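Enquirer: Just passing along the structure, written as structure tokens.
Derivation of every value follows stated rules applied to the coordinates shown; laboratory data play no part. On a predicted model such as this, the values are computed, not experimentally measured, just so you know. Every residue, glycine among them, receives a Cβ derived from its backbone with ideal geometry; neighbour counts consider all protein chains shown.
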Amino acid sequence: MPASLTQIREELDRLTSANGGRLLVDDVVVAAQPEGSVLHDLFDWDQDNCTRRDLRRQARKIIERVRQIPGRHDRTIVRAPLYVRDPDVAGTEQGYTSVSLT
């Protein structure tokens, strides 16, 4: 059974907390490797078709897919990314940070 967005968000939140508030693409890939991980089935693990760079690209897509809905204002639903590029890291470093609009 595929993971729900809630399960994916919870796993990304866990990884973020474990790394002092920063989510790293490589951490997402490592956490997804075990077959029991909620993230595992979101990746293409075919070694013939998939390089480390491909896995990192897949992790970025997963991170970008997680959204939050902070509230309704006059029946308009606002959707915003939950994770954004961390402005405190150098351009050559990886890192996402979570934002909360609530």
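Enquirer: Report the charge-dipole magnitude of region 5-98 in Debye, nearest 20, computed about the Cα centre from +1 at each Lys and Arg Cβ and -1 at each Asp and Glu Cβ. Walk me through the numbers on the way to the answer.
Expert: On the way: 15 positive and 16 negative charges, 105 e Å.
Using Cβ point charges on Lys, Arg, Asp and Glu, region 5-98 gives about 500 debye.
Enquirer: Just subtract the alpha-carbon distance of residue 57 and residue 44 from 0.36 nm times their residue separation and send over the number in nm, one decimal. List each step's numbers first, then the result.
Expert: Working: separation 13, 0.36 × 13 = 4.68 nm, distance 1.09 nm.
Residue separation times 0.36 nm, minus the Cα-Cα distance, leaves 3.6 nm.
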